[in-house]
1. Which numbered condition trips up V206, out of (1) within 28 Å of the chain's Cα centre (by Cα); (2) buried (at least 16 other Cβ atoms within 10 Å of the Cβ); (3) aliphatic (A, V, I, L, M)?
2. Name the residues in region 8-48 that are among the charged types (D, E, K, R), closer than 19 Å to D140 by Cβ and free of Cβ contacts under 8 Å to residues at least 60 places away in the same chain, would you?
3. Any residue in region 272-292 that is aromatic (F, W, Y) sitting within a Cβ distance under 7 Å of a residue that is assigned to a helix (DSSP H, G or I)? List the pairs, counting only those 6 or more apart or interchain.
4. So which helices (runs of 4 or more DSSP H) are wholly in region 188-291 and hold at least 2 residues that are farther than 21 Å from T153 by Cα?
5. When residues of region 132-160 are filtered for being within 13 Å of A103 (Cα to Cα) and at pLDDT 90 or above, how many remain?
6. Condition first: assigned to a helix (DSSP H, G or I) and over 16 Å from R52 (Cα atoms). Now tell me which residues in region 26-36 satisfy that.
7. Can you tell me which residue among I238, I232 is touching a His at 6+ places or on another chain (Cβ under 8 Å), surrounded by 15 or more Cβ atoms within 10 Å (Cβ to Cβ), among the β-branched types (V, I, T) and at pLDDT 95 or above?
8. Please specify each residue of region 142-151 satisfying the condition of being in contact with a Leu (Cβ under 8 Å, 6 or more places away or on another chain), in a loop (DSSP other than H, G, I, E, B) and not aliphatic (A, V, I, L, M).
Amino acid sequence: MHFDIIDLRLFTHIAEAGNLTKGADRAALSPAAASARLKALEAQLGQRLFYRDSRGVTLTAAGETLLRHARVILRQVEHVRTDFSADPTTAAGHFRLFANTTAINEILPKVLADFLGERPHVAVHIEERNTHDVVRSILDSSADVGVVAGVVTTEGLESRCFSTDRLVLVTPPRHPLAGLTVAAFSETMGYPHVGLRGSTLQEFLVQKARLAERRLDMRILMGSFESMCCMIESGVGIGVLPESAALRHSQHAKLRVIQLSDEWSIRERRVLYRELDALPACARAFVNLLCK
């Protein structure tokens, strides 16, 4: 069975666009040429790859399988081109890095500043995703490296724990819980909470409350740790944040930071990838720097 890189790239473009014409345009082919190549690819595989209707195309089960493999193959071709075209004296290269909110705000700024400061010719494409999306993106090769904090299922991936962080309770100074040095999460459930919108952390806390057969009173959901702390300081509610974020913002705001006694408040920070040796050289260097 012979696979043409051009056909795999075309197939991936069509799958991601959900439209043959748009996919063909991204591949710099005419719709007629793209359709002919796609039919030849389906004939070679003996499988239908797309369902077609008036709205566009959607992947069949066989198409989903091929897309996973195609992304891996295309990423590896890209990595080979990068590694062998790079000037060793300039250490050029690029990789895709996906990370959750905690990692984006609390881990990566300093690490990337050091990493890129020593490698001015390296480019990093970085996107903020929730933890589930980070894992899925590494599995389907949409990203090369993922950085997350908290509970994560890494089946099918390689991962390394590079540090730990703690979740803490943050309250305004005059809150009834503000005088505590340690509190259980269950003690917070009777008070309005400020949460982080669309985050894995928010999902995790709601799940913990559900397991305790309680319900979190979510007063408001914010888009960042900074905006959460502003709302908490103003008295809107209390919140659970990574300790690193809480301590940083408490330097400029009137906040009380209280340790949580729950075992799950200690979280691992992990870097994820499919296979270390298959990463481009610059991505391997990033992983090694993060884990040193």
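1. Result: V206 passes all but (2).
2. Across region 8-48, the qualifying residues are E16, R26.
3. Y273/I138; Y273/V287; F286/F115
4. Numbers: elements: 200-211, 225-233, 243-250, 281-291.
Once the helices (runs of 4 or more DSSP H) in region 188-291 are filtered for at least 2 residues that are farther than 21 Å from T153 by Cα, what remains is 225-233, 243-250, 281-291.
5. Result for region 132-160: 5.
6. In the first step, residues of region 26-36 are kept if they are assigned to a helix (DSSP H, G or I); the result is 26, 31-36.
Listed by number, the residues that qualify are R26, A33.
7. I238
8. So in region 142-151, the residues in contact with a Leu (Cβ under 8 Å, 6 or more places away or on another chain) come out as 143-148, 150.
Now restrict to residues that are in a loop (DSSP other than H, G, I, E, B): 143-144, 150.
D144, G150 - these are the residues of region 142-151 that are in contact with a Leu (Cβ under 8 Å, 6 or more places away or on another chain), in a loop (DSSP other than H, G, I, E, B) and not aliphatic (A, V, I, L, M).
The values are calculated or read from the model by the stated rules, or taken from the named source; none is laboratory data. Computed from a predicted model, the values in this text were never measured in an experiment. Quick reminder, even Gly has a Cβ in these numbers, built from the backbone with ideal geometry, and neighbours come from all protein chains shown.
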